[in-house]
Number of protein chains: 2
Amino acid sequence: MSPVGIPRNARNSVVHPSENDTSNMFGAKVNRPHETHENNGKIPLGQYIFERLLSCGTKTVFGVPGDFNLTLLEHMYSPKVIAGKLRWIGTCNELNAAYAADGYSRYTNKIGCLITTFGVGELSALNGVAGAFAENVKVLHIVGVSPSSFRTNAARFHHKVHHLIPALSDPNFNPPNHQVYFEMIRDRVSCSSVFLDNIEEACDQIDKVINDIYQSSRPGYIFVPADFPDMLVPTLNLDHRALISLTSAMSSLTVSQEDVSACVGLILQCLYKSETPAVIADVLCDRYDLNGMLNNFVEKYGLWSFSSAMGRSILNESTPYFRGCYNGAESAPNVISNIAKCDFIMHVGAVKNEMNTGHYSLEFKQNACVVEMHPEYIHISKPGSTHKFTGFFMTKVLERLLIELDTSKLQLSYPSCEKNEPEQEEMPQPGQSITQLFLQQQFPKIINPGDVFIVETGSFQFGVRDYVFPPNLKFVSQAFYLSIGMALPCALGVGLGMRDYPYHHISTLQESDLTAFDPKLILCLGDGAAQMTVQELTSFLRYKVPSEIFVWNNGGYTVERAIKGPTRPYNDIMNWNWTKLLYVLGDKDETDTCGTTLDNVSDLAKYFENFRDPHKKVIRLAEVVLSVLDFPEQLKIMAAACQH
Amino acid sequence: MSPVGIPRNARNSVVHPSENDTSNMFGAKVNRPHETHENNGKIPLGQYIFERLLSCGTKTVFGVPGDFNLTLLEHMYSPKVIAGKLRWIGTCNELNAAYAADGYSRYTNKIGCLITTFGVGELSALNGVAGAFAENVKVLHIVGVSPSSFRTNAARFHHKVHHLIPALSDPNFNPPNHQVYFEMIRDRVSCSSVFLDNIEEACDQIDKVINDIYQSSRPGYIFVPADFPDMLVPTLNLDHRALISLTSAMSSLTVSQEDVSACVGLILQCLYKSETPAVIADVLCDRYDLNGMLNNFVEKYGLWSFSSAMGRSILNESTPYFRGCYNGAESAPNVISNIAKCDFIMHVGAVKNEMNTGHYSLEFKQNACVVEMHPEYIHISKPGSTHKFTGFFMTKVLERLLIELDTSKLQLSYPSCEKNEPEQEEMPQPGQSITQLFLQQQFPKIINPGDVFIVETGSFQFGVRDYVFPPNLKFVSQAFYLSIGMALPCALGVGLGMRDYPYHHISTLQESDLTAFDPKLILCLGDGAAQMTVQELTSFLRYKVPSEIFVWNNGGYTVERAIKGPTRPYNDIMNWNWTKLLYVLGDKDETDTCGTTLDNVSDLAKYFENFRDPHKKVIRLAEVVLSVLDFPEQLKIMAAACQH
Ligand SMILES: Cc1ncc(C[n+]2csc(CCOP(=O)(O)OP(=O)(O)O)c2C)c(N)n1
Ligand SMILES: Cc1ncc(C[n+]2csc(CCOP(=O)(O)OP(=O)(O)O)c2C)c(N)n1
């Protein structure tokens, strides 16, 4: 199989990967890395990197080539890497590569990797990596940088290399700092980073960054000088640690069994006293692969459960135990009154920030026992005392709770729960305009179990809070960092993750049950967000990523209009011919895609009705016309509360 | 006049700026900044910022709104700012805003300003600012950040605000660093930056950054907390310094007249001894507004002159004195032999980096006297001695040379110069494919005096080295930082600069002569580069920026193919329907634009023939089909020399 998608581009010379393309055409001396392949148990570093990625479960790599990473990219064509089925996904620009790598990791929970070139590429990608950092996504950013000789000889020769910013003072004289970009990101948007400068240490350093990414579920960086990929390194590490996974990374952390026992004991003690215990599933459950366990826990014991705003779709929302999305004072009224009845709260994988706590308004019943489970510690506060257990044992504790909890000691006595009074369904006249309210009532109906639902930051996102998701739905949304333009390339990454790990998000006991699912990738985004990164749609086409896309055309930045300047031109954008976009981006004969404008309720209803009907299109894009100042109710509440 | 372009978008509610749109629609308490307008000689800081920008000559501001800059943007609608005709140009994303601001400054030599929002916006723009830093462009990046109260109360309340990356260690407990992004850029991609945190000092701090940008011709940053724009500040600074310009900023630097005299004396002494003096015009001439003076100098005394690679179009290339573009060993052969004949070199506004020195291969005649003029010092090396005069007097020295040089003491005795043997013009068969060679021969013919010629990094750029430009041409190219995707949004900024400062680049003595010019903005870019930032074409349409665009469709990254992986898929991209792009990006009835595919020499020749014919289109886009592995000769030489 080809490790890369083959473009449909008729004019391109379509090429199949082979080992015979390493030369520079104009006679420059070029190492032929594969000649040295497995030379005395050694392999080129470039090959090491790709084999290591494959050994971590990363089968797709995103990025853009550039002068300083070509030597690395060449090693994708080493026979072992080809055999491992590594796939290169060239994106239109580097920011999109970062967003896609983020999406790949959000879906697979493996490392999402992007490769860029010195300065121009890496800085372009930075905002995407920062978003992954803010939301605990496992992204590895590999940057091809200037050859190591340029640093040792810096003052003497070749010192001001292209893509590298000059020194601030007297730049004609002072050599630039080849590590300046590394210094910018180190300890800021990455949990672990290394600028390779000693080939002897390179393999260990690379493995460390990867291990760290799994452990702290945040991005890492590896800066690879352009002369390093061809240098030989031992295969030792690959032989000794054939696989780096979340499990292997976490299990390398020492954990005190005594602390675990004490913590479990205390939690059980509180739980046995509780009449109305509740579990809140937060985003780090997902990042540390606890979703299945937590669902089992909730269902086995019949506990009330909530999700956080960032933790949507971790829990099966269609069980009788699910009580909604709790986001402090910004939750639906019934959710607030339900949580207020709980005398025990187990908040698992908690992340606290203004978006995930309703602007710091979480409020529990007086004297409730609150157990906060974080990756590196567990905090318990109960009437009269608080306890902090430090250690990486969130998973261990949950595992033991699942086994040790003694049903006979539970004294559950839940009151009847408050239901959300479903709004009277609007019954619009045929031909009437589509409203956010109508969408909110109709959209949930097209989402099926097993779908992957990706929602961009924007007005529509607010309404999704009150959807009840079907089981086995995977919901993806950048709910805290909120960088618009993220969702579209992110969806590309998700879609490729779905290809590498089919049905990964579906928890069912029987392999054979999977065939009952027809997972659709559904992407919803506003027109303003879409315009930020729109070119990446071409990659859905290039790599044939099946998707259902909805673009909300409401003439600009409606979320911002709700905060300030409702009719200001700075919140306006251009109106595009959305339905012809995929045609322009490469579907010359419109066989693989179709675009439809839906500008009234009847058309929308019909589109929804037929939504699951089989069709031959790889990508469908529906432009849904909304009015400029139509805000979901939930957005109005946020805007009213907005202090800045 | 409207300070913003009004979108053609029929569905948008077209709005005219007024002062009546400051409220938040949902009842949040919102200051009404204009109520406090000119309150005891005080104005809101937001208004101060925009009045200050106008006072610097910046009439257009680029950017994207966001939660943390809306309070600032509102002050664009203060009556004084409206009266000053400040124009807001909303770009599709923030990277494009940075590139556009860079283009605006490259054209106007005023400050190009972009406004973004905390984190998500500012990091997206970073690569554009880094490029401006690397190439000495006057860009001001204003970032709307979290309100100042969020910092003082950080540990207590609201500390993890959206868009802000959390602390690296124990982020649920430790407050984030609200200045983290500021710390990333400070002293790295900016010559001057301030994070406002004391309203009393804000005006001075803002003025200092602007003054610094002019003085060192590099980007600066101002971080404005979201609560600051509505706070009142005195108008004092505006009254005392009604205008900040390059001249005013430079003249505030103290200069020793003695040093100037000594330096001028020494230069003249060497010059009078020289038989074959030469001037090299480098990029900082342009940034410090010396182009006119340098041309006068060369023409007045009839000196041989060269441009550097980054300094193209500073000199009038059609004078009999112009000897070509000198880029060390990578120059055309006749240029190398001409410069080798010169016994005196005055290299003005010199910038030394690998791209501008032919990879550090500048080589002058033995015993030649070399005068290097830098903004902050002048270095003279002559046989037996070297001299360094430190001080900001590049302009002063040139001014005095122009006056004091005594023609009677000049002993010019130039040999005959080598001409570039013009390649035999290829006479292709009609219908034959277009080649880079054919383009190189034909393209110069459509460029007229007074045009603005913007060339993206890519294979075509290499051929441009050997064009001889017509007089009064403005050439714009990111020749050192080489970030692809830059040219298209840059051209938007240039086009708006041309609107704010018509004929700015044309040096003619008579105002009335200007009408003889019909300056066209000509943008040339590769398909790969175009795909990086393509959405910004919509803004050419939205703001009606007349332009002639050529997209080289050669199926991917040809420059990279020359270096490595000529047929590797990582160098492929999708093939788009380029001619329908502008239709999709908003020209619904195709009245303002047209797209044409040129895939053979006859069609290209016809297009060129009619190129200057009057037409009604605002934007024309020609897709020129080239073959995948067609490299200009100059690129082959570079690739052969390429060591990495
Ligand atoms: C990169 C980035 N730039 C700016 C913002 C500020 N911002 C947040 S939402 C928004 C508007 C989104 O508009 P659109 O996608 O059309 O959705 P709508 O709210 O109109 O439904 C903007 C500009 C941001 N979050 N991220
Ligand atoms: C932001 C950025 N990413 C990557 C690169 C590396 N790079 C330099 S030139 C180039 C290819 C340009 O291709 P195209 O615009 O199609 O021009 P061509 O060389 O094919 O004529 C690339 C990817 C870069 N310079 N900047």
Does B:K365 fit the bill of being of a type in the set (K, R) and outside any loop (DSSP other than H, G, I, E, B)?
no
Residue count for the range B:554-569, restricted to those that are surrounded by 24 or more Cβ atoms within 10 Å (Cβ to Cβ) and under 19 Å from B:T435 (Cβ atoms)
8
Being facing another protein chain (nearest Cβ under 7 Å) and of a type in the set (V, I, T) is the filter; apply it to the range A:558-572 and report the residue that is farthest from ligand 1 (Cβ to nearest atom).
A:T567
Of the conditions (1) touching a residue at least 40 places away in the same chain (Cβ under 8 Å); (2) surrounded by fewer than 24 Cβ atoms within 10 Å (Cβ to Cβ); (3) more than 14 Å from ligand 2 (Cβ to nearest atom), B:T508 fails just one. Which one is it?
(1)
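Quick grid of which residues meet (1) closer than 27 Å to A:D212 by Cβ; (2) at pLDDT 95 or above; (3) among the aliphatic types (A, V, I, L, M):
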position: A:H359; (1), (2), (3): no, no, no
position: A:H379; (1), (2), (3): yes, yes, no
position: A:M394; (1), (2), (3): yes, yes, yes
position: A:E399; (1), (2), (3): yes, yes, no
position: A:K409; (1), (2), (3): no, yes, no
Exactly one condition in (1) within 16 Å of ligand 2 (Cβ to nearest atom); (2) within 14 Å of another protein chain (Cβ to nearest Cβ); (3) outside any loop (DSSP other than H, G, I, E, B) is not met by B:A491; state its number.
(2)
So, A:G485, is that one open to solvent by less than 20 Å² (accessible area, probe 1.4 Å), at positive phi and either within 12 Å of ligand 1 (Cβ to nearest atom) or within 14 Å of chain B (Cβ to nearest Cβ) (or both) or not?
yes
If I filter the range B:179-202 down to residues being open to solvent by less than 10 Å² (accessible area, probe 1.4 Å) and more than 10 Å from chain A (Cβ to nearest Cβ), which single residue comes out as nearest to A:Y360 (Cα to Cα)?
B:L196
Among A:L629, A:L581, which is the only one that is over 30 Å from A:H359 (Cβ atoms), of a type in the set (A, V, I, L, M, F, W, C) and facing chain B (nearest Cβ under 9 Å)?
A:L581
Helices (runs of 4 or more DSSP H) wholly in the range A:261-345 with at least 1 residues that are more than 23 Å from A:Y414 (Cα to Cα) - which ones?
A:283-287, A:291-301
Specify the residue that is nearest to B:E135 (Cα to Cα); the eligible residues are those in the range B:216-240 that are buried (at least 20 other Cβ atoms within 10 Å of the Cβ) and among the polar types (S, T, N, Q).
B:S217
Which of (1) at negative phi; (2) at the interface with chain A (Cβ under 10 Å from one of its Cβ atoms); (3) out of contact with any Pro (no Cβ under 7 Å at 6 or more places or on another chain) does B:D102 not meet, given it meets every other one?
(2)
Taking the criterion of being more than 16 Å from ligand 1 (Cβ to nearest atom), among the polar types (S, T, N, Q) and open to solvent by less than 10 Å² (accessible area, probe 1.4 Å), would at least one residue in the range B:527-539 satisfy it?
yes
Answer with yes or no whether B:R11 is within 29 Å of B:A130 (Cβ to Cβ) and either at pLDDT below 95 or more than 7 Å from chain A (Cβ to nearest Cβ) (or both).
no
Check whether at least one residue in the range B:102-118 is under 25 Å from A:R561 (Cβ atoms), within 16 Å of ligand 2 (Cβ to nearest atom) and of a type outside the set (S, T, Y), and report yes or no.
no
Quick one: count up the residues across the range B:362-381 that are within 30 Å of the chain's Cα centre (by Cα), surrounded by fewer than 16 Cβ atoms within 10 Å (Cβ to Cβ) and closer than 25 Å to B:E275 by Cβ.
1
Exclusive hit being crowded, with 24+ Cβ neighbours inside 10 Å and closer than 26 Å to A:P444 by Cβ, set A:A516, A:A491
A:A491
Out of the range B:360-377, which residues are of a type in the set (G, A, S) and either away from chain A (no Cβ under 14 Å) or within 13 Å of B:C263 (Cβ to Cβ) (or both)?
B:A368
Residues of the range A:285-303 being touching a residue at least 40 places away in the same chain (Cβ under 8 Å) and open to solvent by 10 Å² or more (accessible area, probe 1.4 Å), in sequence order, are A:D286, A:R287, A:Y288, A:D289, A:N291, A:G292, A:M293, A:N295, A:N296, A:K300, A:Y301, A:G302
Enumeration of residues in the range B:331-359 that are open to solvent by 40 Å² or more (accessible area, probe 1.4 Å) and either more than 19 Å from B:T276 (Cα to Cα) or within 14 Å of another protein chain (Cβ to nearest Cβ) (or both)
B:K352, B:M355, B:H359
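Conditions (1) within 14 Å of chain A (Cβ to nearest Cβ); (2) crowded, with 18+ Cβ neighbours inside 10 Å; (3) of a type outside the set (G, A, S); (4) more than 16 Å from ligand 2 (Cβ to nearest atom), marked per residue:
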position	(1), (2), (3), (4)
B:P383	no, no, yes, yes
B:H387	no, no, yes, yes
B:F393	no, yes, yes, yes
B:L402	no, no, yes, yes
B:T407	no, no, yes, yes
B:Q432	no, no, yes, yes
B:Q436	no, yes, yes, no
B:G450	no, yes, no, yes
B:F462	yes, yes, yes, no
Tell me yes or no: at least one residue of the range A:503-523 is within 16 Å of ligand 1 (Cβ to nearest atom) and at pLDDT 95 or above.
yes
Got a sec? Which of A:S416, A:S408 is more than 34 Å from the chain's Cα centre (by Cα) and in a helix (DSSP H, G or I)?
A:S408
Across the range A:430-460, the tally of residues that are more than 24 Å from A:I506 (Cβ to Cβ) and in contact (Cβ under 8 Å) with a residue 40 or more places away in the chain stands at 16
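The values are calculated or read from the model by the stated rules, or taken from the named source; none is laboratory data. Being a predicted model, the structure only gives us computed values, none of them experimental. Note that each Cβ is placed from the backbone with ideal geometry, even for glycine, and that neighbours are counted across all protein chains shown. Note: accessible area is taken over every heavy atom of the protein model, side chains too, but ligands, DNA and RNA are not part of it. Shrake-Rupley method; radii C 1.70, N 1.55, O 1.52, S 1.80 Å.
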